[in-house]
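A short worksheet on the structure shown next.
The values are calculated or read from the model by the stated rules, or taken from the named source; none is laboratory data. Quantities reported herein were computed from a predicted structural model and do not represent experimental measurements. Methodologically, a virtual Cβ is constructed for each residue, glycine included, from the backbone with ideal geometry; neighbour enumeration extends over all protein chains shown. Areas reflect the complete protein model, heavy atoms only, side chains present, ligands, DNA and RNA absent. Shrake-Rupley method; radii C 1.70, N 1.55, O 1.52, S 1.80 Å.
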Amino acid sequence: MKEVQISRRLKTVAGLVGQDMVLADVGCDHGYIPIYLMQKRQIPKAIAMDVNEGPLLRAKEHIQEWGLEAYIETRLSDGVKALQPGEVQSIVIAGMGGPLMEKIIREGKAVFDEARELILQPQSEIEEFRRFLAKEGFSIVSEDMVEEDGKYYPMMKAVHGTMVYDSVAEYRYGRNLLLHRHPILKEFLQREQKKAEEIRERLKDSDTPSAKMRRAQMEEEENIRKEALAYYEM
């Protein structure tokens, strides 16, 4: 049987999952990540979970379509509330806002305490999310980033441990991505720099309080971006 076709973003998220771990995919949508990983023989079984009936029914249909219902279970669940501590070793949460992911991790503390790895792809407030992980006793051990349809998606694998970053740039853009001089991150930083220059050009003749505040904010952001880009010159 041919392999399930999934987006570059989901394929990269799946690529961070460890070998031979029972997986929970939280907010599984179509169920593509566990299907893909089962087909790759990367995981022995999985639990696909979603808070909404609709996506869960779609996931169930896809799981049956690929003949994997003996290996991938579906559960209606708000976050990880339908999971028992120790039931899975790997937990994927992808495609949600950072604050929602924080809420799921906080509310499911007993489950996350027993997991061996978290595979996370927050869509917003990513700097704050990395700080949250550090505060909760997680350490980001690897990161990746893809561009898809003009959008940039950073993702990470976190395990239990101590994480101390050296700068705001490392929290904002990802220490591992910077240390490995990830080419997609560089592309993203250069694009953000170009956008900032265009905005600055539009604001240069304006003396309104809001324009002054925006310029000061942009200067601060640019300093952090320059600090990040300096990693590519080492």
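Annotations
- Only a single item in (1) under 19 Å from the mean Cα position of the chain (by Cα); (2) at positive phi; (3) without any contact (Cβ under 8 Å) to a residue 60 or more places away in the chain; (4) surrounded by fewer than 20 Cβ atoms within 10 Å (Cβ to Cβ) is not met by Asp20, and it is number (1).
- Check on Ile6, assigned to a loop (DSSP other than H, G, I, E, B) and under 20 Å from Asp144 (Cα atoms): yes
- Test: residue in the stretch 125-133 that is closer than 19 Å to Lys226 by Cα and not polar (S, T, N, Q): yes
- Here Glu61 clears all of (1) open to solvent by 20 Å² or more (accessible area, probe 1.4 Å); (2) in contact with a helix residue (DSSP H, G or I) (Cβ under 7 Å, 6 or more places away or on another chain) except the condition numbered (2).
- Restricted to the stretch 30-49, and to residues there that are farther than 16 Å from Val13 by Cβ and of a type in the set (D, E, K, R), the residue that is surrounded by the most Cβ atoms within 10 Å (Cβ to Cβ) is Lys45.
- Of all residues in the stretch 154-167 being modelled with pLDDT under 95 and not hydroxyl-bearing (Ser, Thr, Tyr), the one that is farthest from Ala134 (Cα to Cα): Asp166
- Of all residues in the stretch 97-114 being crowded, with 18+ Cβ neighbours inside 10 Å and of a type in the set (A, V, I, L, M, F, W, C), the one that is nearest to the chain's Cα centre (by Cα): Met101
- Check on Gln121, in contact (Cβ under 8 Å) with a residue 24 or more places away in the chain and more than 15 Å from the chain's Cα centre (by Cα): no
- Glu53 free of Cβ contacts under 8 Å to residues at least 40 places away in the same chain, open to solvent by 30 Å² or more (accessible area, probe 1.4 Å) and under 20 Å from the mean Cα position of the chain (by Cα): no
- Matching residues, the stretch 93-118, being of a type in the set (A, V, I, L, M, F, W, C) and in contact with a helix residue (DSSP H, G or I) (Cβ under 6 Å, 6 or more places away or on another chain): Ile93, Ala94, Ile105, Phe112
- Residue list for the stretch 126-158, filter: more than 14 Å from the chain's Cα centre (by Cα) and aliphatic (A, V, I, L, M): Ala134
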